[in-house]
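Peer 1: Just dropping this structure here.
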């Protein structure tokens with residue numbers, strides 16, 4: 001799988017996990033990354049990308065620190081949610097009754 005497709009694949013999985021936790025995630029195409037924001041605090045956004053390192057693929061904060069392994073999108077989403085909130089996960093409004 002070409003590198004850009006791999007990034008997009010992993011970022012798509014992370015976007016889904018973030019949306020399940022109540023954040024918005026928009027895929028940016030070039031280079032592939034996610035623009036993440038809390039719909040209740042739209043002024044605060046963060047860009048998360050996905051990079052190949054010696055140990056595999058990892059999600060990375062905009063300042064370069066690793067968030068989590070790309071094989072663990074749920075764990076990465078939990079860490080990102082803590083930056084945007086008091087640490088409490090919030091379900092997506094459309095999934096509350098599911």
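The values are calculated or read from the model by the stated rules, or taken from the named source; none is laboratory data. Keep in mind it's a predicted model, so treat the numbers as computed, not measured. Because the Cβ atoms are built from the backbone with ideal geometry, glycine has one as well, and the counts that use them run over all protein chains shown.
Peer 1: Restricting attention to region 25-33, does a residue exist that is exposed (fewer than 12 other Cβ atoms within 10 Å of the Cβ), modelled with pLDDT under 95 and part of a helix (DSSP H, G or I)?
Peer 2: Checking region 25-33: not a single residue is exposed (fewer than 12 other Cβ atoms within 10 Å of the Cβ), modelled with pLDDT under 95 and part of a helix (DSSP H, G or I).
Peer 1: Separate question: Restricting to region 36-50, count the residues that are surrounded by fewer than 16 Cβ atoms within 10 Å (Cβ to Cβ), touching a residue at least 12 places away in the same chain (Cβ under 8 Å) and farther than 16 Å from residue 21 by Cα.
Peer 2: 2
Peer 1: Can you name the residue in region 42-63 that is farther than 20 Å from residue 9 by Cβ and outside any loop (DSSP other than H, G, I, E, B) and is also modelled with the highest pLDDT among such residues?
Peer 2: 46
Peer 1: If you don't mind, another one. For the structure I just gave you, tell me whether residue 66 is out of contact with any helix residue (DSSP H, G or I) (no Cβ under 6 Å at 6 or more places or on another chain), modelled with pLDDT of 95 or more and over 18 Å from residue 4 (Cα atoms).
Peer 2: yes
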